[in-house]
Amino acid sequence: MTKYIVVTGGVISGVGKGVATASLGKILKEYGFSVSAIKIDPYINCDAGTMRPTEHGEVWVTEDGGEIDQDLGNYERFLEQVIPKKNNITTGQIYKSLIEKERRGEFLGETVQFIPHVPNEIKRRIKEASNNYDVVLIEVGGTIGDYENIPFLFAMKSLENELGKENVCYILVTYLPIPSHIDEMKTKPTQLAIKLLREEGIQPDFILCRGRKELDEPRKKKIEQYSNIKKENIISMPDVIGENTPNTLYVIPLNLEKEHLGEKIMERLNLKYKKIPDWTDWKNAVNSLINPSNEISIGIVGKYLSTGDYQLVDSYISINESLKHSSAKNNAKINIKWINAQDLEKSENIKEILNKVQGIIIPGGFGSSGVEGKINAIKHCRENNVPFLGLCYGLQLAVIEYARNVCELKEANTTEVNQDTIHPVIDIMPEQKDINNKGGTMRLGAYKAILQDKSKVKELYGNRDEVSERHRHRYEVNPIYHPILKDKGMVLSGMSPDKRLVEFIELPNLKFFIATQSHPEFKSSLLNPAPLFDGFVKACLIKT
Ligand code: GLN
């Protein structure tokens with residue numbers, strides 16, 4: 001029978017529930033259990049596909065084509081297993097499916113009501129995703145006290161009632177602020193979060209206390225007294241990113257293991273470990289992140305960078321993490337320089353900004369803003385032999401740059417930016433032309449590519465003939481222009497099996513000039529870095 005661990009968050013959003021959930025999953029997997037994780041997003045959107053990345057962070061793409069909250073990415077990276085789109089549950093999906101069932105007549109004669117229908121549908125979805133795993137973690141998005149997560153907390157309580165206390169345990173991840181004017185860690189917001197959770201009938205079994213510093217004994221005691229939770233189950237989880245910290249999230253499972261959280265949870269859920277954890281490889285990778293022997297700077301030219309006065313690099317979290325994975329493998333510290341594409345639109349800025357980095361990534365993107373700046377960055381890489389990795393829009397813009405400046409098609413563009421361009425080297429895919437519904441209709445999920453013999457891309461993928469990566473796009477390299485691009489020296493080093501879609505390109509005479517229509521950043525993990533990122537980082541490390 002599946003055991004459930006429900007993770008909720010208190011005090012503030014962005015407290016680190018996702019990484020805590022993923023880390024716990026990793027720990028339990030190390031103890032030999034089969035583990036999966038479910039993310040509940042209480043918003044009304046059916047998925048994250050239509051949201052703005054600066055508001056909600058990156059849109060994560062699953063193998064089966066879901067456009068999902070970025071936390072599913074944390075789960076996959078830490079658990080190193082594919083998590084399907086059914087593991088993301090939103091309010092929108094729950095109501096949509098209930099209304100569809102009602103219309104089909106599945107509730108004939110009944111009044112369809114919040115209770116029991118909504119919690120029942122939530123439980124049905126949870127059971128469907130649980131799929132006989134030994135342990136399933138359920139992360140309830142949002143913050144305790146939000147109106148919109150009440151139905152989900154109600155459903156969790158109902159699940160516990162149905163399955164028994166020994167099969168469901170609750171974790172609250174809270175934040176303990178240290179206001180600068182008193183310089184003392186305050187427990188009051190945590191006390192209030194516990195109170196709010198109790199109002200929903202939930203007594204947390206464990207409290208993970210996030211904060212700038214370790215939780216000290218007096219404050220542990222205070223929380224213990226307030227919440228009637230044993231001190232051993234109140235776990236300190238200080239920041240691991242920032243000055244004077246290891247500066248990597250991948251230490252978190254190791255830190256939680258030092259607090260014996262895995263054993264404590266197994267005891268609470270009446271589970272006996274199936275194997276002794278072996279952290280050797282994980283520790284080695286973390287050590288090489290903490291004590292790197294080299295250092296490079298890589299520029300990511302993006303557009304979803306700022307919101308008000310704050311930089312929100314969460315829009316590119318998987319790229320960031322993929323670089324970390326390659327950083328560990330190559331024992332090199334990578335300083336990421338976030339470059340606003342619009343700053344590269346004026347040619348006088350380009351050299352000054354780009355000379356500070358050893359390589360450049362152009363990530364995925366949509367629409368026209370910043371496009372010319374990105375094309376300028378690509379031109380700089382091509383002309384100065386600076387390592388370049390293009391991802392999705394990054395490939396399309398590299399093709400435009402090559403068409404304009406090497407193939408002499410000065411007007412070359414994508415029809416996404418200019419519908420009337422006389423050289424639509426990037427054009428909407430025919431099957432996308434008549435789509436009016438924007439949600440979930442791009443070319444999404446895993447697709448295969450056949451790699452060209454003797455290409456750099458094939459070499460990087462271990463000389464495999466065929467690879468599969470995840471996609472999220474509507475446009476393609478226009479097949480009419482394949483011959484001229486090839487004639488002028490661009491190698492189309494990976495094609496879709498029907499040979500119609502360009503999946504990978506490269507310029508063989510340069511140190512590293514590779515782009516892909518896919519998003520290899522969605523399949524990278526600490527112990528298995530994505531091959532293109534690994535090759536790119538290696539090229540950036542070559543001293544000229
Ligand atoms: N906007 C481009 C397209 O839809 C690229 C998408 C992306 O970079 N994910 O094809």
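The values are calculated or read from the model by the stated rules, or taken from the named source; none is laboratory data. Remember, predicted model here, so these are calculated numbers, not experimental data. Cβ: placed from backbone, ideal geometry, glycine included. Neighbour counts: every protein chain shown. Quick note on the areas: whole protein, heavy atoms, side chains included, nothing else; ligands and nucleic acids left out. Shrake-Rupley method; radii C 1.70, N 1.55, O 1.52, S 1.80 Å.
Tabulated data for the structure shown
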quantity	calculated
GluC sites (Glu not before Pro) restricted to the stretch 92-150 and DSSP loop, no more than 12 other C-beta within 10 Å	106, 110
Orientation-averaged projected area, Cα convex hull of the chain (nm²)	27.1
Formal net charge of residues neighbouring residue 299 (Cβ-Cβ distance under 13 Å; K, R +1; D, E -1)	+2
Charge dipole magnitude, Cβ of K and R +1, D and E -1 - the stretch 1-117, Cα centre, debye nearest 20	260
15 Å beta-carbon shell around residue 154, net charge (K/R +1, D/E -1)	-2
In the stretch 275-377, the trypsin sites (Lys or Arg not before Pro) that fall in loop regions by DSSP, at most 16 other Cβ within 10 Å	275, 346, 356
Rounded to 10°, Cα long-axis angle of helix 393-405 versus longest principal axis of the chain	10
Computed [θ] at 222 nm, deg cm²/dmol, the chain (DSSP H ≥ 4; -39,500 (n - 2.57); rounded to nearest 500)	-10500 deg cm²/dmol
Heavy-atom surface of the chain, accessible at 1.4 Å and reported per residue (Å²)	43
Summed side-chain charge close to residue 496 - residues other than residue 496 whose Cβ falls under 13 Å, Lys, Arg +1, Asp, Glu -1	-2
Length-normalised contact order for the chain - Cα pairs under 8 Å, 6+ apart - percent	15
Ellipsoid equivalent to the stretch 1-79 - semi-axes via the Cα gyration tensor, in Å	23, 15, 11
Options 279, 189, 380, ranked by Cα towards positive dipole end of the chain, top entry (Cβ charges)	279
Angle between the chain longest axis and helix 188-199 axis [Cα atoms, degrees, rounded to 10]	70
Charge dipole magnitude, Cβ of K and R +1, D and E -1 - the chain, Cα centre, debye nearest 20	800
Leading residue at positive end of dipole, the stretch 338-437 (Cβ point charges), from 432, 418, 392	392
Carbon + sulfur, % of accessible area of the chain - ligands and nucleic acids excluded, 1.4 Å	48
Net dipole in debye of the stretch 144-209 [+1 Lys, Arg Cβ; -1 Asp, Glu Cβ; about Cα centre; nearest 20]	180
Taking the stretch 246-388 and dividing mean pair separation by its residue count, relative contact order in percent (alpha carbons under 8 Å, at least six apart)	25
Extreme residue, positive dipole direction of the stretch 476-515, given options 481, 508, 497 (C-beta unit charges)	508
